[in-house]
Amino acid sequence: MPAAEEPSTPLQELGELQGKIAATYQSLQAASAVSFGCSEKDAVYREDKLTLYHYRPIAPSAKLPPVLIVYALVNRPYMMDLQPDRSLIRRLLELGLDLYLIDWGYPDGADRFTDLNDYINGYIHRCLGVVLREHQLESTTLLGVCQGGTFSLCYSALHPERVRNLITMVTPVDFQTSDNLLSKWVQSIDVDALVAAHGIVPGEVLNAAYVSLMPFRLLQQKYVNLLDGGSDQAQIDNFMRMEKWIFDSPGQAGAAFAQFARWFFKENRLLKGTLEIGGRRVDLRQLTQPLLNIYAKQDHLVPPTASTPLEGLVGSKDYLALGLDVGHIGMYVSGRAQRELPQAIALWLQRR
C-alpha cells in the first residue's frame, strides 16, 4: 500500500501562500498596462465632455438601421467592449450591425448645474440627430444600458417619432422594489447636502455604495479567487481590466444627480407617470414602437422586479422581455451573454 500523505503543516501552507502571492504579484506587474476597448471607432461628434463614436465595420452589413447606444453616466462604456472574447459590441459588429455610442466623459466643476433635461433633450437629442443626418433617416434604433436605458425610455416617450426600435438593457423602471438594495441606500442619503458639499458628486462616493451592497464578493472573494487561479497571465489581464472598470467612476453633475435620486429613486415618478423633463410629462404610453427589454435574472443592482414592470406601462403591442441567467456585469462579459445576447438582439431587429 502507498504511504499516506503527510498533512501540511501551517508553515508549509504559509510558504505555499507566499509563493502564490509572489507569482500573482509578478503577473499583476506585467498586466499594469492592459488596454481597454478592442473595436476600432471614430469620433464623429463632440460637445462639452461628450464624444459620439461610430464603430468601424468588421463584417458585411446586415442592412439594418444604425443603433445608437446610450450608456449610463456612472461608469465607463468600455465594459461593453472590454476585450476581444468579452465584448458585446464586437459580437454585434460581427453580425453586421452599424453601431454608435455616446461616451459621456468625465464631468468637472463646470458641469455642476447640468441637469436631466440637458442630458435627455439636449445631448441625446443632438447625438441622435447626427446619426439620423448621416444616414438620411427620420428614425432609428436606440439601445439604452442601465441608467442610459432609463434615459432612453424618457427620450423615446418625448420624441417617439425619432425612435424606430427601442432596446433597454438592465434598465430600472420601478425604483422602489423591496429587493432593490441600491434604492435602499439612496433613500437613506441627504441628496441636497451631498450635492451642496461637492457640486460634482465624486465617483468614489458612488463606488463605495456599490461595493457596500455586496462587500464580500467585491472586496474579499475576488482576491481569494485571483490567488487560487495562479499566475496565468490571461486571467490576470482579465482581472485588471475588470478592476479598472469597477473603480473608473466619473463624478456626477450635481443637478442631474439630485434630480435622478429624488425623482426616480425617492419619488418613483417614472412608474407613477408623474415625471416631467424640460416641462413635458414623460408618458410611457407614448412608447408604441417595437420594444425589447433585456434583464439579468441575478442582477443585484437592477433586480428583475425593477425592470419587468415596463410591459404594463408602455403602449407598444410589440413588446418582448428577455431574461438572461446572469448578473449585472455578466450581461456584458459572461460567456452565456456572449453566446446568447448578440444573436437575440440581431434577430429581433431583423424581424422588424
Simple spin-label model, 7 Å along Cα-to-Cβ: Arg126 to Gln343 in nm? 4.1 nm
Starting with the highest mean, order 86-99, 147-160, 45-58 by the number of other Cβ atoms within 10 Å, averaged over the residues of each peptide. 147-160, 86-99, 45-58
Any idea what the relative contact order of segment 39-187 is, in percent, if you count C-alpha pairs under 8 Å spaced at least 6 apart? 24 percent
Under the rule a/c < 1.5 gives rounded, and otherwise a/b versus b/c splits prolate from oblate, where does segment 35-350 land using the Cα gyration tensor? rounded
Burial-style ranking of 268-276, 255-263, average other-beta-carbon count within 10 Å with highest first, yields 255-263, 268-276
Rounded if a/c under 1.5, otherwise prolate or oblate - segment 163-212, Cα gyration tensor axes: prolate
For peptides 296-305, 187-196, 75-84, sequence by mean Cβ density within 10 Å, most packed first: 75-84, 296-305, 187-196
Could you tally the net charge around Gly96, taking each other residue with its Cβ under 14 Å from the Cβ of Gly96, Lys/Arg +1 and Asp/Glu -1? +2
Please state the relative contact order of segment 35-350 as a whole percent: Cα pairs under 8 Å, 6+ residues apart? 22 percent
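The numbers here are math on the coordinates, done by the rules we state, and not lab data. Since this is a predicted model, take the numbers as computed values, not measurements. A quick note on method: Cβ atoms are made from the backbone with ideal geometry, for glycine too, and the neighbour counts reach across all protein chains shown.
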